[in-house]
Amino acid sequence: MTTLFLHDERTLWHGGGQYAGLFPVGDLVQPLVGGLPENPETKRRLVNLMRVTGLMDELAERSAPPLTHEDLLRVHPASYLDAFKAKSDDGGGELGMRTPFLPGGYEIAALSAGLVADGLTAVLRGEAGNAYALSRPPGHHCLPDWPNGFCLMANVALAVERARAHGLCHRVAIVDWDVHHGNGTEAIYLSDPDTLAVSLHQENNYPVDTGGFDVRGEGKGEGANLNLPLPPGTGHAGYLAAWDRLVRPALDRFRPDVLVIACGFDAAVVDPLGRMLATAETFDALTRRAMGAAADLCGGRLLLAHEGGYSEAYVPFCGYAAIAALAGSGTAAPDPFAAVFAQRQPGPEMARFVESRIDAMAAALP
Ligand SMILES: [Zn+2]
């Protein structure tokens, strides 16, 4: 069955306006202009790379309707949605932390969430073998009433809650391999025993005060939250070991109805917001592992939802690797950096350290 690829040019029109980094120097402030690191270029280049190589021709490609107010209320309180909509209509602005938006920002965020929700619905109804939603703005940092880290609506949670409301699924596993902690997803599902939230991330990155291994869920959700903080420089082999020894066993124990990946590419070796040394080959291998888990546990039902990834040069090749794997495609956009990035992988001493950290986490799990 075909792979569904959901995207919409209008999501690339979301913007941060005159956003600038501000650095005090004595009595003055030095601005770093150039807009948000989360810019449309990474996504637009990915789509174009898929088109010129022919990969797009092998996929079912379309947009989707934005989520309705009723759909959004399943995760976000009316007070937040009203404030967001009012500011969006009034010229744009900022409501949380590092989440500026322009006029129309509310509608674009609802459209981004709609792409993810439509992909999940199609997978659950058997209309697609699997799906990739090129969502923008991303979602995994967004709490119900507090947007942060470029995320304005909780895309994956909104998709899951709509699918549940329609009786399409019950037990959902979300694996977040964005380099940053999925703090929004964790907050939404911390006490939910029917949603397994796994986050693989660089320790002490963003947010610096969340994502600890000891946070395992609350109340009835105890055991259904799994944070896997990894040291900077973990690299390709470390990511695959973390999947094989920590993520896959957690999925086997949980037995989901569907697997959703919060798919960031900012663990890549040249990402400006991460220090993890993953490569396009890593995302190919992780996607194949996700497909294997979905095939064994939930009839192959798998959705990848785009999150972070900030290298304009490299995200397109990482995204291509993941989507080509998802589609079982024979087309190729060979990673032009592969030989150099292979040489930058951790040496034996660092590899042993990463392994020891994974050993310690594995020993502490049931
Ligand atoms: Zn990220």
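The values are calculated or read from the model by the stated rules, or taken from the named source; none is laboratory data. If you're wondering where the values come from, they're calculated on a predicted model, not measured in any experiment. For neighbour counting, all protein chains shown are included, and Cβ atoms are generated from backbone atoms with ideal geometry for every residue, glycine included. Quick note on the areas: whole protein, heavy atoms, side chains included, nothing else; ligands and nucleic acids left out. Shrake-Rupley method; radii C 1.70, N 1.55, O 1.52, S 1.80 Å.
Some points to look at:
- Scanning region 315-336 for residues that are within 20 Å of VAL270 (Cβ to Cβ) and not in a helix (DSSP H, G or I) turns up ALA333, PRO334, ASP335, PRO336.
- Consider region 145-170 and keep the residues that are over 21 Å from HIS306 (Cβ atoms) and in a loop (DSSP other than H, G, I, E, B). The one that is farthest from the ligand (Cβ to nearest atom) is GLY167.
- Filter result (in contact with a Pro (Cβ under 8 Å, 6 or more places away or on another chain), of a type in the set (Phe, Trp, Tyr) and within 15 Å of the ligand (Cβ to nearest atom)) within region 307-330: TYR310
- Count of region 257-284 residues, restricted to those that are open to solvent by less than 10 Å² (accessible area, probe 1.4 Å) and either at pLDDT below 95 or of a type in the set (A, V, I, L, M) (or both), is 10.
- Residue in region 113-136 that is surrounded by 24 or more Cβ atoms within 10 Å (Cβ to Cβ), closer than 19 Å to ALA322 by Cα and basic (Lys, Arg) present: yes
- Condition met for PRO229 (within 16 Å of the ligand (Cβ to nearest atom), more than 30 Å from GLY15 (Cβ to Cβ) and open to solvent by 10 Å² or more (accessible area, probe 1.4 Å)): yes
- Subset of region 321-358 that is of a type in the set (Asp, Glu) and surrounded by 13 or more Cβ atoms within 10 Å (Cβ to Cβ) - its residue that is farthest from VAL123 (Cα to Cα): GLU355
- In this structure, GLU41 does not satisfy being farther than 20 Å from GLU312 by Cβ, out of contact with any helix residue (DSSP H, G or I) (no Cβ under 7 Å at 6 or more places or on another chain) and surrounded by fewer than 17 Cβ atoms within 10 Å (Cβ to Cβ).
- Complete set of residues in region 234-285 that are in contact with an Asp or Glu (Cβ under 8 Å, 6 or more places away or on another chain), among the charged types (D, E, K, R), away from the ligand (no atom under 15 Å from the Cβ) and part of a loop (DSSP other than H, G, I, E, B): none
- Residue, least open to solvent (accessible area, probe 1.4 Å), within region 46-83, restricted to residues that are of a type in the set (Ser, Thr, Tyr) and assigned to a helix (DSSP H, G or I): TYR80
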